[in-house]
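Encoded as structure tokens, the structure appears first; notes follow it.
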Amino acid sequence: ELVQSLLHLSEEAATGWERMVQKRGRKRTHRTVRIDGFERVIHQSVHRILQALAEREPRSLVRFKHILTGRLTSTSYSPNGVDGESTKELCAILSRLVESDRVHNGGGLDSSEVMMLLQKLLFSSSGAFGRAAGDSTRIVRGLLLATELIRLPSLNDGDRDCIKQWVLRILLPSTRRMVDPELGSPGLAFLEAWM
């Protein structure tokens, strides 16, 4: 029940600012700035607790993996609202669950599930006619997840090589088209983690 409450609270904090902005017509007042700061503090605290649970008690959190993975693939969940930290924190939680599974021989999140999620984020949005609006958001989420996964010391060489190849396909397209500017910063973060 505690984990379920934390997950609910993290979603509420992540989407609270958007709802408030919609209600007030995008007008920022002193009160909305204070509430925004308060929601960030709550959100960061909740994610720190979830990360600690992923490291120390992965079994309590892995039961809710469908919620965590669903948030990364959902178009309605918008954790990038203000600064994108929510997505990074969510990816860190998932990578800690993978690490816990490897270190404790079970009880965490199987890396094959996360690899399928990563592949879905990086490639399911691209089609024969280019990318639709919002596809770059999914790819950015994939790059953030790839960055967290590549940092794992226990990640096997096969998964590590696969992640590198996938990300390089995104960052170095075979066509002469330019890389989406939104992918620049997370792409560089991945390359830095890889090195």
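Can you list the helices (runs of 4 or more DSSP H) lying wholly within region 1-109 that have 1 or more residues being open to solvent by less than 30 Å² (accessible area, probe 1.4 Å), at pLDDT 85 or above and among the polar types (S, T, N, Q)?
Output list reads 85-103.
Going by the conditions given, is Leu188 exposed (fewer than 15 other Cβ atoms within 10 Å of the Cβ) and in a helix (DSSP H, G or I)? Working first, answer last.
On the way: exposed (fewer than 15 other Cβ atoms within 10 Å of the Cβ): yes; in a helix (DSSP H, G or I): yes.
Considered against the rule, which asks whether it is exposed (fewer than 15 other Cβ atoms within 10 Å of the Cβ) and in a helix (DSSP H, G or I), Leu188 comes out as yes.
Quick one: is Ser174 open to solvent by less than 50 Å² (accessible area, probe 1.4 Å) and not in a helix (DSSP H, G or I)?
no
The values are calculated or read from the model by the stated rules, or taken from the named source; none is laboratory data. Note that the coordinates shown come from a computational prediction; the quantities given were computed from them, not determined experimentally. FYI the Cβ positions are ideal-geometry reconstructions off the backbone, even for glycines, and counts take in every protein chain you see. With ligands, DNA and RNA removed, areas are computed over all heavy atoms of the protein, side chains included. Shrake-Rupley method; radii C 1.70, N 1.55, O 1.52, S 1.80 Å.
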